[in-house]
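Enquirer: Below is the structure I would like to discuss, written out as structure tokens.
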Amino acid sequence: MFALSPRRRRRVLVAALISDAVFPLAITGATAAVPEVTARLPGGAALGPWIVLAYNGLFAAVLLLAGATADRSARTRFFAVGNLVVAATGVLSALAPNLPSLVALRAVAGIGAAMCAAGGSSMVLAVYPPEERRRVYGCAGAVLGSGLALGPVVAQALMAVGGWPLVFVVPGAVAALAALTTLGLEGLRGPEPSEDFDRAGAVLFGVTVAAAVTALGLGFGGAVPWWGPAVLVLVAAAGATGLVRVERRASDPAIPVDLLRIPAYRAYAVATGAFMGMLVVGLTVLPQLGAARRMGPGEEAIMLSLLTVPSTVLPLLAARLARRLARPLVTTALFACALTAVVLQVTNRPAALLVAAGAVGLCLGLTEGVPDGQALNHVPSRRGGAGAALFSTTRMSLETLTLSAANGVMAALGPSSGMAVAGAVCLTAALVVQHAVPARDRGRGVLARTPGDT
């Protein structure tokens, strides 16, 4: 671990937090802008969903490679370059002449975002010891939670002021600020980068994840022909087969299998994926249920506020509670989300929606950043980028799988069944955490300290 002064460590954290603020707006803003963009730019309305899918797919595909590369390079410089890529693509996206060029720019932006996420985690974990990471990820949870809560509102405001181009320019400007914050900081380069890095495995992993996440995002029977997702599933299967063969022969595998052997790391990755799945399904389902039960606009606004606002104000409290109560806090919140989903299956009263939104919002707010901090306490500082990237990939994959499954079930059984799917995932995650994590887990796994990790 690198020894920096408290002031310079805070600058590292501030730069990472500024960059974190870009992610929610980059996704929610682009989602909100899709209808206007497809109406104003030539290129075919069928490309509209790819404004989001290209970003998400490339982000997921490159994340593990970016994490491993960050750990083997000057972490601060790698992080700054990623933010500059996001800034440049944001400006160019606002000037895109047609939809194909915008989709291509969004794909490049996804690569830059993966560099930001992996580089930010790598440099933060390189300067903060395990005992301080709960507080650090409490701050990160507050930023991400605020971004998720305010992202749709900010996106709509930007579109009202300057149209869809501002939705891409503003996140780019924030990313540029994150890059500027690193000026004058140490590069934080690891002492002995490995010469045998498994690039083939990293590329195959990226292809597999990108194909799987994109296929799940498109879904079957949606706006594209059924064979589109089917082909992507076959690509993912072929990539996974090749990946297994490559990883068996690699001396330095791309996938940090030793981290996956830590039960708490795996369990908390599943938990955070379940929470995010509950959030994205809730944001999709609750407004539909509110409309079906004749809730007014004011009631719907209150319902969505109850779901999202706790994530802006509770993460720092959650970080304090996690010092002693991380495992019961996470499992109780997961069980509560599952119970809330059950309640929505047996009642159709509008008041139940408000209570459900409040209960889920409270659970999300009190656990925002907690699974991340607990899992990454088990990761050695010299491998922070790869550990955080694998954790994020697991979370994103489970979140996307939950939303895709919920959409499929809702098409057959109605909106409330979508919450049942998310609730079932939360119940499973609660049992996984309860079984895998010791009752007095302090986040000190067998890999928390390794030779040379000082």
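Enquirer: Is there a residue being farther than 21 Å from Val154 by Cα and in contact with an Asp or Glu (Cβ under 6 Å, 6 or more places away or on another chain) anywhere in the range 104-121?
Expert: Looking only at the range 104-121, we keep the residues that are farther than 21 Å from Val154 by Cα, and these are 104-105, 107-108, 111-112, 114-121.
Still in the list and also in contact with an Asp or Glu (Cβ under 6 Å, 6 or more places away or on another chain): none.
Among the residues of the range 104-121, not one is farther than 21 Å from Val154 by Cα and in contact with an Asp or Glu (Cβ under 6 Å, 6 or more places away or on another chain), which makes the answer no.
Enquirer: Only one residue in Thr284, Thr272, Thr241, Thr331 is outside the structural domain of Gly418 (by TED's automatic domain parsing), assigned to a helix (DSSP H, G or I) and either among the polar types (S, T, N, Q) or touching a strand residue (DSSP E or B) at 6+ places or on another chain (Cβ under 8 Å) (or both), so which one is that? Outline the logic, then answer.
Expert: On the way: Thr284 fails: outside the structural domain of Gly418 (by TED's automatic domain parsing); Thr272 fails: outside the structural domain of Gly418 (by TED's automatic domain parsing); Thr331 fails: outside the structural domain of Gly418 (by TED's automatic domain parsing).
After ruling out the rest, the residue left standing is Thr241.
Enquirer: Only one of (1) closer than 20 Å to Gly141 by Cβ; (2) in a helix (DSSP H, G or I) fails for His378. Which number is that?
Expert: With respect to (1) closer than 20 Å to Gly141 by Cβ; (2) in a helix (DSSP H, G or I), His378 is out only on (2).
Enquirer: Scanning for something in a helix (DSSP H, G or I) and either acidic (Asp, Glu) or not assigned by TED's automatic domain parsing to the domain that holds Ala33 (or both), does the range 128-137 turn up at least one residue?
Expert: Within the range 128-137, one or more residues are in a helix (DSSP H, G or I) and either acidic (Asp, Glu) or not assigned by TED's automatic domain parsing to the domain that holds Ala33 (or both).
Enquirer: Pairs only if they're at least six apart or on different chains, beta carbon under 6 angstrom, first in the range 424-449 and modelled with pLDDT of 55 or more, second among the polar types (S, T, N, Q); list them, first residue then second.
Expert: Listed by first residue and then by second, the contacts come to Val425/Thr402; Ala430/Thr331; Val433/Thr331; Gln434/Thr331.
Enquirer: Is it the case that some residue within the range 152-161 is of a type in the set (A, V, I, L, M), assigned to a helix (DSSP H, G or I), touching a residue at least 40 places away in the same chain (Cβ under 8 Å) and in contact with a Phe, Trp or Tyr (Cβ under 7 Å, 6 or more places away or on another chain)? Break it down into steps so the answer makes sense when it comes.
Expert: Just the residues of the range 152-161 that are of a type in the set (A, V, I, L, M), to begin with: 153-155, 157-161.
Next cut, assigned to a helix (DSSP H, G or I) only: 153-155, 157-161.
Then drop every residue that is not touching a residue at least 40 places away in the same chain (Cβ under 8 Å), which leaves 154-155, 158-159.
Imposing the further condition that a residue be in contact with a Phe, Trp or Tyr (Cβ under 7 Å, 6 or more places away or on another chain) reduces the set to none.
No.
Enquirer: Among the numbered conditions (1) closer than 18 Å to Gly206 by Cβ; (2) within 20 Å of the chain's Cα centre (by Cα); (3) not basic (Lys, Arg), tell me where Gly90 comes up short.
Expert: (1)
Enquirer: Further, regarding this structure: Restricting the first residue to the range 400-418 and requiring it to be assigned by TED's automatic domain parsing to the domain that holds Met278 and surrounded by fewer than 19 Cβ atoms within 10 Å (Cβ to Cβ), which pairs with a second residue that is modelled with pLDDT under 80 and part of a helix (DSSP H, G or I) meet a Cβ separation below 6 Å and a spacing of at least six or different chains?
Expert: As it stands, the answer is Leu401/Leu216, since those pairs meet every condition given.
Enquirer: Also, quick follow-up: Go through the range 90-119 residue by residue and tally those that are surrounded by fewer than 19 Cβ atoms within 10 Å (Cβ to Cβ), touching a Gly at 6+ places or on another chain (Cβ under 7 Å) and part of a helix (DSSP H, G or I).
Expert: 2
The values are calculated or read from the model by the stated rules, or taken from the named source; none is laboratory data. If you're wondering where the values come from, they're calculated on a predicted model, not measured in any experiment. Note: ideal-geometry Cβ built from the backbone for every residue, glycine included; neighbour counts use all protein chains shown.
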